[in-house]
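Have a look at the structure below before the remarks.
The values are calculated or read from the model by the stated rules, or taken from the named source; none is laboratory data. Keep in mind it's a predicted model, so treat the numbers as computed, not measured. Backbone-built Cβ (ideal geometry, glycine too); neighbour counts: all protein chains shown. SASA here: full protein model, heavy atoms, side chains in, ligands and nucleic acids out. Shrake-Rupley method; radii C 1.70, N 1.55, O 1.52, S 1.80 Å.
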Amino acid sequence: GGGALCGLNAACAPDAVVVWVADDADALAVADAARAIRIAARRHDEDVEDEGVAAVVEQPRDTLRDEEQTNVVFGEGLVRCMGCGVDLAVAAALPESALAGNAFRNSYAYDAASGRLLVHRLRLGSPGDVALVLAHAVSHIKANRNDLSNDLDPAFIKEFHANLKLITQELANT
């Protein structure tokens, strides 16, 4: 559907979702799942490496294909739905990332000072890629906007699960 993401949908309130970890066994299961996701994502993220790039190369929106532009607009709606006030932009290339513990370190770059989130153009091929990368990035930003390096951080995992739930609820309502 073409509904507006998080227009008046109460389900998108960022504090409406709680991730419950009942005991140490649950916490270990969450950590194991996060490791498995990180391994799978790392394999997928390797195809985005831009060797030898020293700085972010921004991609002007008017040079994107129609499908990519549509997916950027979709992504902006998701970012609003997840309650994150970042400025979404597209990168043609990203420099090597020092975020070794971030499975999608080659797929996006975030500047905490400006609030600018740049998603690599190669991630704009499908709404699914856009949703996954943005759920990951926004979860890190909401958990700790100054450190996006640890996919095993419990605050990140909590945000990631909450954001996946928000996205799924919103897509079911559009």
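Legend: residues K142, K165, sorted from most to least accessible area (1.4 Å probe; ligands, DNA and RNA excluded), read K165, K142. For R65, put the label point 7 Å out on the Cα→Cβ axis and report which residues of the range 75-90 keep their amide N under 18 Å from it. Once the point is set 7 Å along Cα→Cβ of R65, 75, 90 turn out to lie under 18 Å by backbone N, inside the range 75-90. Computing the accessible area with a 1.4 Å probe over protein heavy atoms, can you report the carbon and sulfur percentage for the range 57-174? Reported share for carbon and sulfur atoms: 52 percent. Label-to-label distance for V57 and D147 is 3.3 nm, based on points extended 7 Å past Cα in the beta-carbon direction. D by Stokes-Einstein for the range 91-174, Kirkwood Rh over Cα pairs, 25 °C, 0.890 mPa s: 186 µm²/s.
Once you list every other residue whose beta carbon is under 9 Å from the beta carbon of Y110, what net charge do they have if Lys and Arg are +1 and Asp and Glu are -1? Once all neighbours under 9 Å are counted, the net charge is +1.
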